[in-house]
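Contents: one structure, followed by commentary.
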Amino acid sequence: MDFRMDIVIDYLPFFLKGTLITIAVSAAGVIMGMILGLLVGMGKVAKLWIIRFPFICYINFFRGTPLLVQLFLIHFAVMPLILSETNTIASLVVTLSLNSAAYVAEIFRAGIKSIDKGQAEAAHSLGMNKIQVMRYVVLPQAFKRMIPPLGNEFIVLLKDSSLGAIIAAPELLYWGRAATGQYYRVWEPYLTVALIYLLLTLTLTYLLNYVERRLDTE
């Protein structure tokens with residue numbers, strides 16, 4: 001196989017630009033997804049069924065439909081109602097955030113449920129209200145247990161951001177497709193893109209393992 005390194009060198013600035021956008025979009029999706037996911041997760045564990053129901057519908061929809069379909073709906077249907085001009089990066093961030101929130105909500109719910117109820121009862125006996133118990137007793141302990149699944153969600157979201165290339169969001173895979181279209185070569189662009197994604201995911205994996213080890217020693 002004749003591997004043309006000059007194609008990789010020629011498109012290297014674009015690959016680097018796409019990598020930065022991929023990281024930024026994924027990070028924004030995770031942060032917004034965690035905030036929304038915490039709210040959705042707490043809504044799902046509410047005692048009243050009428051409060052739980054919309055959150056259950058939200059989770060079922062975003063976990064039960066393909067991410068690509070969600071991206072199309074948000075980019076071509078929802079975003080034009082909000083913005084006068086559609087923005088591919090904004091559409092990608094919103095889609096990743098909403099999708100991630102559904103999975104993060106389940107992670108938060110499982111983490112909160114894993115804490116022994118006796119601790120909450122003891123905190124109530126000391127005079128804490130429900131918000132204080134959740135903030136100072138339940139969430140700090142649950143968060144430690146949620147680190148591994150939240151890290152996995154970040155890695156999944158990082159790879160799923162490649163779907164942005166379908167709507168021409170200038171992330172990493174977009175530039176791989178551009179190089180393929182210009183040079184009519186497949187190996188060089190896509191192999192480079194694959195290696196960059198592999199480097200990003202391995203870096204995240206080792207970083208998360210380090211954080212887990214540090215938390216276990218505390």
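A quick yes/no check of all residues on (1) part of a helix (DSSP H, G or I); (2) at pLDDT 85 or above; (3) under 30 Å from residue 21 (Cβ atoms):
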{"residue": "136", "(1), (2), (3)": "yes, no, no"}
{"residue": "156", "(1), (2), (3)": "yes, yes, yes"}
{"residue": "162", "(1), (2), (3)": "yes, yes, yes"}
{"residue": "169", "(1), (2), (3)": "no, yes, yes"}
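Go through the residues of region 135-151 one by one and say whether even a single one is more than 25 Å from residue 30 (Cβ to Cβ) and among the small types (Gly, Ala, Ser). The answer is no; no qualifying residue exists.
Considering region 15-65, and only residues there that are of a type in the set (Phe, Trp, Tyr) and free of Cβ contacts under 8 Å to residues at least 24 places away in the same chain, the residue that is surrounded by the fewest Cβ atoms within 10 Å (Cβ to Cβ) turns out to be 49.
Of all residues being under 15 Å from residue 211 (Cα atoms) and aromatic (Phe, Trp, Tyr) in region 137-177, which is surrounded by the fewest Cβ atoms within 10 Å (Cβ to Cβ)? Just the residue, please. Here the answer is 143. Number of residues in region 90-137 that are closer than 18 Å to residue 34 by Cα and not hydroxyl-bearing (Ser, Thr, Tyr): the value is 21.
The values are calculated or read from the model by the stated rules, or taken from the named source; none is laboratory data. Small disclaimer: the values here were computed from a predicted structure and weren't measured. Using ideal geometry, Cβ is built from the backbone for each residue, glycine included, and neighbour counts are taken over all protein chains shown.
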